[in-house]
1. How far apart, in nm, are two points set 7 Å out from the Cα along the Cα-to-Cβ line at Q103 and at L192?
2. Rounded to the nearest 20 Debye, what is the dipole magnitude of the stretch 117-290 about its Cα centre when Lys and Arg each give +1 and Asp and Glu each give -1 at the C-beta?
3. Could you please state, rounded to a whole Å, how far the C-alpha centre of the stretch 172-243 is from the C-alpha centre of the stretch 32-87?
4. Run the Debye formula on the Cα coordinates of the stretch 117-290, all scatterers equal and no solvent, and tell me log10 I(q)/I(0) at q = 0.13 1/Å.
5. Mind sorting R265, R224 by how few other Cβ atoms lie within 10 Å of their own Cβ, fewest first?
6. How much length would be gained if the chain were fully extended between E17 and E62, taking 0.36 nm per residue of separation minus their Cα-Cα distance, in nm to one decimal?
7. Working only with C-alpha atoms, what are the Rg and Dmax values of the stretch 67-127, expressed in angstrom?
8. What does the charge add up to near L186, with Lys and Arg as +1, Asp and Glu as -1, over the other residues with Cβ less than 13 Å from its Cβ?
Amino acid sequence: MKKFKMNIGNTVAETFEDFIISRKVKGLSDKTLKTYNQHFKAISRHISVDIPIDTLSKADLEEMVSNMREAALSATTISSYVRTMKAFLSWCNEEDITTLTIQNYKCAETIKETYTDKELEKLLKKPNIRKCLFSEYRTWVIINLLVNNGCRAATVRNIKNKDVDLENFVIYLRHTKSKKAQVIPLCTELCLILKEYMRIRSGSEDDFLFPTEEGTQMKEFCLRSSIARYNNRRGVQRTSIHAFRHTFARKYLVDCGGNAFTLQRLLGHSTLEMTKHYCAIFDRDIAKNYDRFSPLSQLKSSSNRIKMK
């Protein structure tokens, strides 16, 4: 039986408020809800949100995208706004409010920002722990962790002492974007770094692994500004936390010869689609190093290898 439309006469804006409430009930993170609201506020500049939701048409949606392009919004920004609108309309369809849909806005694939090996060399140089502040030492350890597995900022802030299992070379991530617990491996080098750090950091099992100097949980702004200051002091102008995630993916795929399926699990992607995106943006790098992975190249001896003219 078809659901009764309880929101007949509601405007697009009022229906979006219902959508936000439903996402809260579903358990979406506060950050995602904030992004939805910010996007909808921006979207409302390019489409009327005061009209009844049941009068919204495909032509309105097409005009919205056209207006965004005329306003000189970047393709990436338009794509983000369209994805929010798509999520909203999908919910409306589930609730039998409308049957409208909107296609994702395609934008050109760009090469993502990554740290160079020279920059990483500067950032990974260990500070003198007898002379530096705790914040500098903590940030150095965090950067080592980011290079090891490309964690998201929110995940890093929520790691607790009890989540680190040095005996088994893993960290248990209980706070992830997908809300699914994840286990990430640690290399021997990082285990040694964490062993020393945890001895100096001390604290109880339920304390956060990377706290503020007052012992409280770091806010996202605090983490970002801490890394920005650290990088700048090392002569590195690039300060993006997310760039470490892209750097990890690039080095894992290109320099370390990793595969997309394992990378999917390491990055915590629920599907391979997003991981395929990471693979695609490094196609040119993969091509440069293909001699290392080509079966033909490995089978051919150096003396018989075809010489390129």
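No value in this document is a laboratory result; all are computed from the given coordinates. Model, not experiment: these values are computed from the prediction. Cβ coordinates were reconstructed from backbone atoms using ideal geometry, including for glycine residues, and neighbour counts include every protein chain displayed.
1. Between Q103 and L192, the simple spin-label model gives 5.5 nm.
2. That gives the stretch 117-290 a dipole magnitude of about 440 debye.
3. 36
4. Reported log10 I(q)/I(0), two decimals: -0.65.
5. So the ranking, lowest neighbour count to highest, is R265, R224.
6. Details: separation 45, 0.36 × 45 = 16.20 nm, distance 2.25 nm.
Answer, rounded to one decimal: 14.0 nm.
7. 19.5, 59
8. It works out to a net charge of -3.
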